[in-house]
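What follows draws every value from the coordinates through simple rules; no lab data is involved. As the structure is a computational prediction, the values presented were derived from the model and not from experiment. Every residue, glycine among them, receives a Cβ derived from its backbone with ideal geometry; neighbour counts consider all protein chains shown.
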Amino acid sequence: MGMDILLGRFPTQLERPETIKFASPIVLLPELFTTRRHQAILLGYLATIGWEVYAPDLRSVAGRDGTPELGRWTFDQLTAIVSEALDALDRDAIVLGHGFGGLVALKMAERPRVKAAVALAPLMPGQRTPLFMRAGNLPARWMKRPLKPPGGRPLLYMLTDVEPFQREALIKALVPDVCAAALEIVRGSVRFEAANAAPRLVVAGSSDPLVPTDSLAGFAAQIGAQFKSLPGQGHWLIGGRAVERAIGEAHRFLVRSLGQDLLLLFPEEWRNDSESSGE
């Protein structure tokens, strides 16, 4: 069942299954330029398998109540805004992000009350990406204005695995997004703690042209995260043929990492999986 709610000051889409199977909800963080419309398949899929899922519209507070304009959000300011949404939830939660949101999710694993973090095809610190590092965004980068969504080949790279009947609508739904925080990632100035963080998982497509898999595997090792590569998949892991495989990896990781504390109704296949892993 889907509904629109306010999570603190953030308009939020809540998807709640008829029977909630997991004790902790998932909070979704989006890729650059994407909205809840782009997350719709992922939201629905998670709900059908028993997750309570929150997708807050973080951009809605830009320029309001002392919050900087969107283009000027630094990475620290962005994580503070995500923390505000989590504080409003006032529950232990799992943070799951895609792309840029995946990297933010990994950072949130250092925050109290985050049980685990899952990053699907995250951007990587120090890695120049065609997603926004292109000539058309030079004025935005100089003036700290919102970055423009990609076009041409980078757009194709981003949406390669989107179902063809959805592609045109999803392209039209792309929106401008944060600048300062994205540039910090490219410069490699974002730091992560390996110690005292919640369990982390990085899932990447082996054919992702935006983020080299080998580099991501090394980054995951540096921050103490588990790493899974999906053969033949590109960047778009939140829909199409990839979503079931990506969320399957997330399921196994969460059950093995968090054990029975996670589960309200404990499906036999996950019980067996957890027991075989030694949890």
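Observations on the model:
- Couplings 3J(HN,Hα) of the stretch 82-98, computed from phi: 4, 4, 4, 5, 5, 5, 5, 5, 6, 8, 4, 9, 9, 10, 10, x, 10 Hz, in residue order, whole Hz [Karplus 6.51 cos²θ - 1.76 cosθ + 1.60, θ = phi - 60°; x for Gly and Pro].
- Filter on LYS172/LYS228; LYS115/LYS172; LYS107/LYS148; LYS144/LYS228; LYS107/LYS144; LYS115/LYS148 - keep pairs with C-alpha separation over 27 Å: LYS172/LYS228; LYS115/LYS172; LYS144/LYS228; LYS115/LYS148
- Potential extension, GLU163-ALA23 segment - 0.36 nm per residue separation minus Cα distance: 47.2 nm
- Ordering 84-90, 53-59 by mean Cβ neighbour count within 10 Å, with the highest value first, yields 53-59, 84-90.
- Taking the chain as a Gaussian network of alpha-carbon nodes connected by springs under 10 Å, the highest mean-square fluctuation of the residues ASP65, ASP261, ASP208 belongs to ASP65.
- Simple label model, 7 Å out from Cα along Cβ direction - ASP90 to GLN260, nm: 3.0
- Every helix of 4 or more DSSP H residues in the chain counts as -39500 (n - 2.57), and over all residues that averages to -10500 deg cm²/dmol at 222 nm.
- Rounded to 5, the percent of DSSP beta bridges in the chain classed as antiparallel: 35
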